[in-house]
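Here is the structure we will look at, set down as structure tokens.
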Amino acid sequence: MRGGSCHSRIELGDVTPHNIKQLKRLNQVIFPVSYNDKFYKDVLEVGELAKLGTKMLNHVLNICEKDGTFDNIYLHVQISNESAIDFYQKFGFEIIETKKNYYKRIEPADAHVLQKSLRSTCAPPGGELQKAE
């Protein structure tokens, strides 16, 4: 048997009107939160910032860093989801606040807001992905 390395390649597919229903179904199975139709409309509009695949977070971080106009990235995590909090902290996200009753249909209803700064100076929070003016 010959020695060699086997590399698996992960392709990040575009989210399109043709596969958005698959994404919606995946989210329904994986996440305890229901996303409304506006969420999926927004996903279609952000293009490269929404990709299917296990490397999604790295993909988004790379795009934001290369773009150079993003100051911070924000996200919400249920306060009891320790594995998600640990996962994001490994990527440099920090808990900056906790929102009471953020989730409507799940317990606990509180969510941590996590932030990753992409610049050395901090800009005030204002969006999920905040662009510099």
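Treating r as the C-beta distance of SER34 and LEU12 and R0 as 25 Å, the FRET efficiency rounds to 0.50.
The H on the amide N of ASN72, modeled in the peptide plane, is under 5 Å from the matching H of LEU118, GLN130, each at least 5 residues off or on a different chain.
Modelled spin labels at SER83 and ARG119, positioned 7 Å past Cα toward Cβ, are 3.6 nm from each other.
Each residue of the range 36-43 is assigned a 3J(HN,Hα), and the resulting list reads 7, 4, 4, 4, 6, 5, 5, 4 Hz, derived from the Karplus form 6.51 cos²θ - 1.76 cosθ + 1.60 (θ = phi - 60°), x at Gly and Pro. A protection proxy built from the mean count of other Cβ atoms within 10 Å ranks the segments 38-49, 72-83, most packed first, as 72-83, 38-49.
No value in this document is a laboratory result; all are computed from the given coordinates. These numbers were taken from a predicted model, which means no experiment stands behind them. Virtual Cβ from ideal backbone geometry, glycine too; neighbours counted across all protein chains shown.
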